[in-house]
Amino acid sequence: MPILIGALISLAIAWLRGASPLQLASVRLRWLAVPLLSVVAQIVGFIRLSREIGDFAVWLQLLSLGALLVFLVANLRYRALALVAFGVALNLAAVVSNGGYMPVRLDDLARAGFPQNAAKIIRDGHYEKSTALTEATLLPWLGDVIYLPLPYGPGRMISIGDVFVAAGTFLFIQEALVPSRRRTPTLRAAPAAS
């Protein structure tokens, strides 16, 4: 969600700066299928097959987020993607160190508007990509511990990694759509001949 919000705001700002959002279609990125496959793998694994994924969650996270990191590194000619890669790496560290699931404080999740998800985590040990943040959680500060209020509907719990990904996405759109203005050398008039 924060990635989408950051991208939409960045597109609007780029448009106000004179760049058409349609220009994104002309941006050339290497291995563009990799992030799409990564997202599909996570949706299938953690939403469609959430009960069956169990012990394989950590491997799915390693493969999907690792592939996403490879894609980002391959496209570092856009400097903003380094920020996205850093955020993905933080999320990867959090989920891999906690069995393949992102830790979240259950009280915060319920307050954000998802008490049923908190109840499912208590019952099953995890829900989709989330697990309970407890005293045994490794790297707890990298979990979904930041509450993001939204104007319509319930809020969201996000991680510091998500913040970096959203900021990097925002800057990437600016970098890709709005050319940097380089100073052009000023020409000085030649001295008049005497």
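FYI, it's all coordinate maths here, none of it is from the lab. In this text, all values refer to a predicted model and were calculated from it rather than measured experimentally. Using ideal geometry, Cβ is built from the backbone for each residue, glycine included, and neighbour counts are taken over all protein chains shown.
First check a/c for region 92-171, with a ≥ b ≥ c the square roots of the eigenvalues of its C-alpha gyration tensor; if it is under 1.5, answer rounded, and if not, answer prolate when a/b is larger than b/c or oblate otherwise. It comes out oblate by the Cα gyration axes. Spin-label model, TRP141/VAL40: points 7 Å from Cα along the beta carbon direction are separated by 3.9 nm.
DSSP beta bridges in the chain, what fraction antiparallel, as a percent rounded to 5? Walk me through the numbers before you get to the answer.
Working: 5 of 9 bridges.
Expressed as a percentage, antiparallel bridges in the chain total about 55.
Taking amide H atoms as placed 1.01 Å from N in the peptide plane, the amide H of ARG156 lies under 5 Å from those of LEU148, LEU150, each 5 or more residues away in sequence or on another chain.
Can you tell me the length gained on complete extension of the stretch VAL58 to TYR152, counting 0.36 nm per residue apart and subtracting the Cα distance?
Numbers: separation 94, 0.36 × 94 = 33.84 nm, distance 3.31 nm.
My answer for the length gained is 30.5 nm.
Of all DSSP beta bridges in region 87-181, what percent run antiparallel (nearest 5)?
In region 87-181, approximately 55 percent of DSSP beta bridges are antiparallel ones.
What longest region of the chain stays clear of chymotrypsin sites (Phe, Trp or Tyr not before Pro) that DSSP places outside H, G, I, E and B and that have at most 15 other Cβ atoms within 10 Å? All intermediate terms of the calculation are to be shown ahead of the outcome.
Details: sites that count: TRP31, TYR152.
Longest run free of exposed loop sites: 32-151.
Here's how it looks for LEU133: its modeled amide H is under 5 Å from those of VAL104, ARG105, LEU106, which are all 5 or more places away or on a different chain.
Quick one: longest stretch of the chain between exposed loop trypsin sites (Lys or Arg not before Pro), exposed meaning at most 14 other C-beta atoms within 10 Å and loop per DSSP? It would help to have the intermediate numbers written out before the result.
Values: sites that count: ARG17, ARG28, ARG30, ARG77, ARG79, ARG181, ARG182, ARG183, ARG188.
The segment 80-180 is the longest one with no such site.
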